[in-house]
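Here the structure is laid out as structure tokens; the discussion comes afterwards.
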Amino acid sequence: MSGEVEKDEGVLVIRRIHVTYTLTGVPPEKRETVERVHDVHAMHCPVYRTLHRCIEITTQVEFGS
């Protein structure tokens, strides 16, 4: 996870968060399913739904070995 912080009237404010999901042990035939789930998961995540109007949140999936 990484993020970007900026000053807003002298106060540090989180502006952007990027989350990388690194999945290991996913068989090649299941990767398309994982990517489809990733595409729709955010709107079903309570944390994302709470914060996404205030903070830009992006995600990506990486497959490890």
Computed [θ] at 222 nm, helices only, for the chain once each DSSP H run of length n ≥ 4 contributes -39500 (n - 2.57): -7000 deg cm²/dmol
Placed amide H near Gly3: partners under 5 Å, 5+ positions off or other chain: His18
Sparse-neighbourhood loop sites, GluC sites (Glu not before Pro) in the chain - DSSP loop, at most 16 other Cβ within 10 angstrom: Glu9
Debye, to nearest 20: dipole size of the chain, +1 on Lys, Arg Cβ, -1 on Asp, Glu Cβ: 160
GNM result for the chain, Cα springs below 10 Å: residue of His41, His52, His18 fluctuating most strongly: His41
Per-bin percent of Cα-Cα distances, the stretch 1-62 [5 Å]: 4, 15, 22, 21, 15, 10, 7, 4, 2, 1, 0
Within the accessible area of the chain (1.4 Å probe), percent carbon and sulfur: 54
Sparsely packed trypsin sites (Lys or Arg not before Pro) within the chain, loop by DSSP, other Cβ within 10 Å at most 14: Arg53
On Cα atoms only, tilt of 31-41 relative to the major axis of the chain in degrees: 30
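The values are calculated or read from the model by the stated rules, or taken from the named source; none is laboratory data. These numbers come from a predicted model, not from an experiment. So basically every Cβ, Gly included, is an ideal-geometry build from the backbone, and we count neighbours across all protein chains shown. Side chains are part of the model used for accessible areas, which takes the heavy atoms of the whole protein and leaves out ligands, DNA and RNA. Shrake-Rupley method; radii C 1.70, N 1.55, O 1.52, S 1.80 Å.
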